[in-house]
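The values are calculated or read from the model by the stated rules, or taken from the named source; none is laboratory data. What you see is a predicted model; the values in this text were computed from it and never measured. Methodologically, a virtual Cβ is constructed for each residue, glycine included, from the backbone with ideal geometry; neighbour enumeration extends over all protein chains shown. These accessible areas exclude ligands, DNA and RNA; they are computed on the full protein's heavy atoms, side chains included. Shrake-Rupley method; radii C 1.70, N 1.55, O 1.52, S 1.80 Å.
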Amino acid sequence: MKIISVRKGFTADHSSTSYEFLAIDKPLDHDAIEDVGSLSSRAFPTDRAVSFSYNVDGYDTPGGWWPLMEEYYDLMYSESYDWWMFAVAFPVTESQKDGLKSYTFDGLEDLGVNIEFAEDRIIVSFYCVLDYSETFAILDSGIDYGYYDDEYELEDYLNDDRLFRLLLDIRKQLTNEDYRVFDVFWHQYGEPLYSEEEVEELGLLYTNEFNYQLLPGNLQYLSSILRSI
C-alpha cells in the first residue's frame, strides 16, 4: 500500500515528545528517505522533511536526533513536556571551530547552548522554555504533503512553518559569523547563573552587556518568547 499524503502537525502536550526536521542544503535521495522512514512506522519522510511524535513516556527516535542532523537535516525543533530544543547544522572551517566552541554553556535548569562538530560540520543545539501563547501563534498545522513528493518545494515548508523560517534566519546569521543568537540565550539562561569571574575562568565568550534594541528582528522575536523556569 502506498501512502498518498499525511497530515503534518506538531504535537505539543504534557505527555509527548515531537520532532520536526528539515533539509535545507540538499534534498534526501530515495535511499536516505527509506532509511529515515525505517525509524518509525508512523514517520512518512519527504525529500525535505520528516516528523516524529511519541505520545508514550519513554519512547523516542531510535538512535536519537543527532545522527539525523549529522547526516541528513539542517534544521530541527523538538518539544517535550514544555521543554524545547532547536538545532541547526552547517559546514564549518577549522579556523571557526575553536571560537564557536567557546559559546557552549549550561545555564539555569541545564538550559543553554551546546556545540559539537561532526568532521567539517557543526551542530548547534539550543535548549529553552518558550512562551506557549507566542510560540504557537507562529506554528501552522494542517499541511498536506505526499510521501516521496518532490513537488513540495523548500520554500513551501518555510512559508507554512514559520518556526523553521526563524531557525533558517538564525542559521544564515551563524554562517555569516553573526553570533548574537548566543547572547540572547546567555542573557536568559547564563547571565543569571554565572559570575563574571566564572565566565573568564571557563573561557566563555560572553559579557553581561545586552541591548535588545540592537538585535535584528528575528532575534528580538526569539528573545521575546524565551522564558525561564
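Inside the stretch 67-102, residues that are in a strand (DSSP E or B), open to solvent by less than 10 Å² (accessible area, probe 1.4 Å) and of a type in the set (A, V, I, L, M) make up a count of 5. Confirm whether Tyr81 is farther than 22 Å from Leu168 by Cβ, among the hydroxyl-bearing types (Ser, Thr, Tyr), out of contact with any Gly (no Cβ under 9 Å at 6 or more places or on another chain) and touching a residue at least 12 places away in the same chain (Cβ under 8 Å). Here the answer is yes, as Tyr81 does meet what is asked.
Of everything listed in (1) in contact (Cβ under 8 Å) with a residue 24 or more places away in the chain; (2) within 22 Å of Phe185 (Cβ to Cβ); (3) surrounded by fewer than 14 Cβ atoms within 10 Å (Cβ to Cβ); (4) not aliphatic (A, V, I, L, M), the single unmet condition for Gly64 is (1).
The set of residues in the stretch 178-189 being assigned to a helix (DSSP H, G or I) and not basic (Lys, Arg) consists of Val181, Phe182, Asp183, Val184, Phe185, Trp186, His187, Gln188, Tyr189. Residue count for the stretch 177-201, restricted to those that are out of contact with any Phe, Trp or Tyr (no Cβ under 8 Å at 6 or more places or on another chain), farther than 14 Å from Val124 by Cβ and open to solvent by 50 Å² or more (accessible area, probe 1.4 Å): 7.
If I go through the stretch 103-148 residue by residue, how many of them are at pLDDT 90 or above and in a helix (DSSP H, G or I)? Looking only at that region, the number is 3. Checked against the criterion of being modelled with pLDDT of 90 or more, part of a helix (DSSP H, G or I), under 14 Å from Val88 (Cα atoms) and not hydrophobic (A, V, I, L, M, F, W, C), the stretch 190-211 has no qualifying residue. Note on the stretch 29-55: among residues that are in a loop (DSSP other than H, G, I, E, B) and of a type in the set (Ser, Thr, Tyr), the one that is surrounded by the most Cβ atoms within 10 Å (Cβ to Cβ) is Thr46.
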